[in-house]
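Quick notes on the structure that follows.
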Amino acid sequence: MFDVVIGLAIALSSVLWVEVVRDVYHALAHVWQPLYRLHVWHHRVFRRDLSVVSDTIYRQAHWYNDVPEALVMLAFSIVPWAIVSTGNWSTQWAAWTGSIYTGSFLLGAIARGWGIPYADELTDVTHRPGELTNLPSRWFVNRSYHWRHHFDNQEAYFSGTLTLVDKLMGTALSLKNKRIGVTGASGTLGRALLTQLHKAGAKVTAFTSSSDQISLELAGSKLPVNTITWTIGKESDILAELEKLDILIINHGVNVHGARTPEAIALSYEVNTFSVHRLLELFLSTIKSDRDLVRKEVWVNTSEAEVNPAFSPLYELSKRASGDLVTLRRLDAPCVIRKLILGPFKSKLNPVGIMSADWVAKQIVNLARRDVRNIIVTINPLTFILFPWKEFCVATYYRFFTKANS
Ligand SMILES: NC(=O)c1ccc[n+]([C@@H]2O[C@H](COP(=O)([O-])OP(=O)(O)OC[C@H]3O[C@@H](n4cnc5c(N)ncnc54)[C@H](OP(=O)(O)O)[C@@H]3O)[C@@H](O)[C@H]2O)c1
């Protein structure tokens, strides 16, 4: 039994290893000219709907890119065997699994290079032509995930089968040239997020309920950003602006602290729950094409008050309701929806917060680039255990007791 487990672990590790080699080779091909000269054939092949420009170029691309890539993987597949051969295990044979696995890719690439009928359909699944119907997946590269490497940003989305290397390198989501809007823009986190997103190459838009023009403080100078004024309850007035965005970050929020008047209840729910939900639905209504499905995203700042006390009951109630609605809507949303689960940081809303908004914003951007869908930034270790568990249970409950529209 022990041998089977060890053998399985060695076999899986050897497959993981060759996948890492594949993705590192791919990333290298984008920065090292001699490799890029071969790899560029792969980028010449496809139109935006992933149909091929010409069968001749398609076949050539396999000889110049896919076959050399598989040969490099095959050469490096010896490494796991070299490592385990130093030990005294009876399961050393399992280390060759990566080589056999790579061999199947090599044969597939050769078959496509030769133009053998159906070889492309059977072995080149991330480049099949046609409409993109699924959201970019989290752990295994699907067509939508890989499409972005060709047509969103060639300096990101390098992974070929598993998304692990992109997650490690921070290339699993590119923010470069993305049009990103942030609500609550005049607030502490709003400004910090706009700054970090601008630094990441995004084109930012500030959505504010104040009449102020929003500017970013960059290296001692002020940079005014595109600023849109909106009012709670009149979300549909900004539909045209939402249509222009790739990513909407719903960040505005209010904390009535110890108040429990009818007005405090109404304000908390109106700002933290209902306006968030209305904006979310409006933004989802702007997703019309398969390209929107792949490029657009919403991030909702719900807070770790979803699972922990914030010592402000109305804040907790309204944020939890908002978080639960996001969980419900995520079940069949037409684009990726991320949650921001943040611990206490210093701001107008929380003057005794411990973290700094700048640091929190930096972590949010870092984790989003690693395609983390529930972005937790907190000093409370319990949140890292409680939130995923709560999210899983609530999502499962909603999945069983609700029905999709279609
Ligand atoms: N601070 C924390 O410890 C903490 C922890 C977890 C989560 N959060 C969440 O992080 C987000 C940002 O909060 P923050 O700490 O940066 O607080 P903040 O500095 O007070 O910013 C909140 C912003 O929300 C907008 N807002 C407030 N009331 C509004 C209203 N009635 N109508 C429309 N917009 C309104 C305002 O921006 P505009 O004037 O630009 O519209 C305000 O500046 C909030 O959702 C908050 O719940 C905060």
Contacts under 6 angstrom Cβ, first residue in segment 208-228 being surrounded by fewer than 13 Cβ atoms within 10 Å (Cβ to Cβ), partner part of a strand (DSSP E or B), 6 or more apart: LYS222/SER215; PRO224/SER215
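State yes or no: is THR205 without any contact (Cβ under 8 Å) to a residue 60 or more places away in the chain, in a loop (DSSP other than H, G, I, E, B) and buried (at least 17 other Cβ atoms within 10 Å of the Cβ)?
Values: without any contact (Cβ under 8 Å) to a residue 60 or more places away in the chain: yes; in a loop (DSSP other than H, G, I, E, B): no; buried (at least 17 other Cβ atoms within 10 Å of the Cβ): yes.
No.
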Could you count how many residues in segment 246-279 are buried (at least 22 other Cβ atoms within 10 Å of the Cβ) and either farther than 23 Å from ALA192 by Cα or in contact with a strand residue (DSSP E or B) (Cβ under 6 Å, 6 or more places away or on another chain) (or both)? 9
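So that you can scan it fast, the table gives a plain yes or no per residue for (1) at pLDDT 95 or above; (2) within 27 Å of LYS199 (Cβ to Cβ); (3) among the hydrophobic types (A, V, I, L, M, F, W, C):
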| position | (1), (2), (3) |
| --- | --- |
| ALA305 | yes, no, yes |
| LYS346 | yes, yes, no |
| GLN363 | yes, yes, no |
| ASN380 | yes, no, no |
| TYR398 | yes, no, no |
| SER406 | no, no, no |
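What are the residues in segment 48-73 that are under 30 Å from the mean Cα position of the chain (by Cα) and outside any loop (DSSP other than H, G, I, E, B), if any? Outline the logic, then answer.
Start the filter on segment 48-73 by keeping residues that are under 30 Å from the mean Cα position of the chain (by Cα), which leaves 48-53, 58, 61-62, 65-70, 72-73.
Hits for segment 48-73 are VAL52, TYR58, ALA61, HIS62, ASN65, ASP66, VAL67, PRO68, GLU69, ALA70, VAL72, MET73.
Kindly establish whether VAL182 is over 13 Å from the mean Cα position of the chain (by Cα), among the β-branched types (Val, Ile, Thr) and buried (at least 20 other Cβ atoms within 10 Å of the Cβ).
Considered against the rule, which asks whether it is over 13 Å from the mean Cα position of the chain (by Cα), among the β-branched types (Val, Ile, Thr) and buried (at least 20 other Cβ atoms within 10 Å of the Cβ), VAL182 comes out as yes.
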Suppose we filter GLY181, GLY190 for residues that are part of a helix (DSSP H, G or I) and closer than 18 Å to TRP299 by Cα; which single one remains? GLY190
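If a residue must be of a type in the set (S, T, N, Q) and part of a helix (DSSP H, G or I), how many such residues does segment 110-154 contain? Please lay out each step first, then the result.
Restricting attention to segment 110-154, the residues satisfying the condition of being of a type in the set (S, T, N, Q) are 123, 126, 133-134, 137, 142, 144, 153-154.
Checking the rest, the ones that are also part of a helix (DSSP H, G or I) come to 123, 126, 144.
Adding up the residues that qualify gives 3.
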Quick check on my filter: what residues within segment 76-109 are out of contact with any Asp or Glu (no Cβ under 8 Å at 6 or more places or on another chain), in a helix (DSSP H, G or I) and more than 13 Å from VAL15 (Cα to Cα)? ALA82, ILE83, VAL84, GLN92, TRP93, LEU106, LEU107
Looking at segment 366-380, I want the residues that are farther than 17 Å from MET355 by Cα and have a partner that is at pLDDT 95 or above and in a helix (DSSP H, G or I) with Cβ atoms under 7 Å, at least 6 apart or on another chain. Which pairs are those? ARG370/LYS167; ASP371/LYS167; ASN374/PHE387; ASN374/PRO388; ASN374/GLU391
Lone unmet requirement of (1) at pLDDT 95 or above; (2) of a type outside the set (D, E, K, R); (3) within 11 Å of the ligand (Cβ to nearest atom); (4) over 27 Å from the mean Cα position of the chain (by Cα) for SER211: (1)
For segment 314-333, pairs from a residue that is buried (at least 18 other Cβ atoms within 10 Å of the Cβ) to a residue that is in a loop (DSSP other than H, G, I, E, B), with Cβ under 6 Å and 6 or more apart or across chains, are LEU314/VAL256; TYR315/ASN255; GLU316/ALA310; LYS319/THR302; LYS319/SER303; SER322/THR302; GLY323/THR302
Taking segment 113-159 and keeping only residues that are crowded, with 19+ Cβ neighbours inside 10 Å, among the small types (Gly, Ala, Ser) and under 21 Å from VAL15 (Cβ atoms), one is left with SER159
State the number of residues belonging to segment 222-254 that are more than 25 Å from ASN350 (Cβ to Cβ), part of a strand (DSSP E or B) and within 14 Å of the ligand (Cβ to nearest atom). 2
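Sort through VAL352, VAL336 and tell me the only one that's over 15 Å from TYR397 (Cβ atoms), away from the ligand (no atom under 11 Å from the Cβ) and of a type in the set (A, V, I, L, M, F, W, C). Give the steps one after another, and end with the answer.
Details: VAL352 fails: away from the ligand (no atom under 11 Å from the Cβ).
Residue meeting the stated conditions: VAL336.
Say we look at segment 1-28 and pick out the residues that are among the aliphatic types (A, V, I, L, M) and within 23 Å of the chain's Cα centre (by Cα); which of these is nearest to ALA70 (Cα to Cα)? Give the derivation first.
Initial filter on segment 1-28 (among the aliphatic types (A, V, I, L, M)): 1, 4-6, 8-12, 15-16, 18, 20-21, 24, 27-28.
Cutting the leftovers down to within 23 Å of the chain's Cα centre (by Cα) gives us 16, 20-21, 24, 27-28.
Values: LEU16: 14, VAL20: 12, VAL21: 10, VAL24: 12, ALA27: 15, LEU28: 15 Å.
This residue is VAL21.
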Report every pair of residues separated by at least 6 positions or lying on different chains whose Cβ atoms are under 9 Å apart, first residue within segment 112-134 and in contact (Cβ under 8 Å) with a residue 24 or more places away in the chain, second hydrophobic (A, V, I, L, M, F, W, C) and assigned to a loop (DSSP other than H, G, I, E, B). THR126/LEU50; THR126/VAL141; HIS127/VAL45; HIS127/LEU50; ARG128/LEU50; PRO129/LEU50; GLY130/LEU50; LEU132/LEU50
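Pick out the one residue from LEU8, LEU71, LEU16 that is out of contact with any strand residue (DSSP E or B) (no Cβ under 9 Å at 6 or more places or on another chain), modelled with pLDDT of 95 or more and not small (Gly, Ala, Ser).
Values: LEU8 fails: modelled with pLDDT of 95 or more; LEU16 fails: out of contact with any strand residue (DSSP E or B) (no Cβ under 9 Å at 6 or more places or on another chain).
It is LEU71.
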With (1) without any contact (Cβ under 8 Å) to a residue 60 or more places away in the chain; (2) more than 14 Å from the ligand (Cβ to nearest atom); (3) not acidic (Asp, Glu) as the list, and LEU267 as the residue in question, which single condition is left unmet? (2)
For LYS346, all conditions in the list (1) buried (at least 22 other Cβ atoms within 10 Å of the Cβ); (2) within 8 Å of the ligand (Cβ to nearest atom) hold save one; what is the number of the exception? (1)
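The values are calculated or read from the model by the stated rules, or taken from the named source; none is laboratory data. Here the structure is a predicted model, which is why all the values come from computation and not from measurement. Cβ sites come from the backbone with ideal geometry, for glycine too, and all protein chains shown count toward neighbours.
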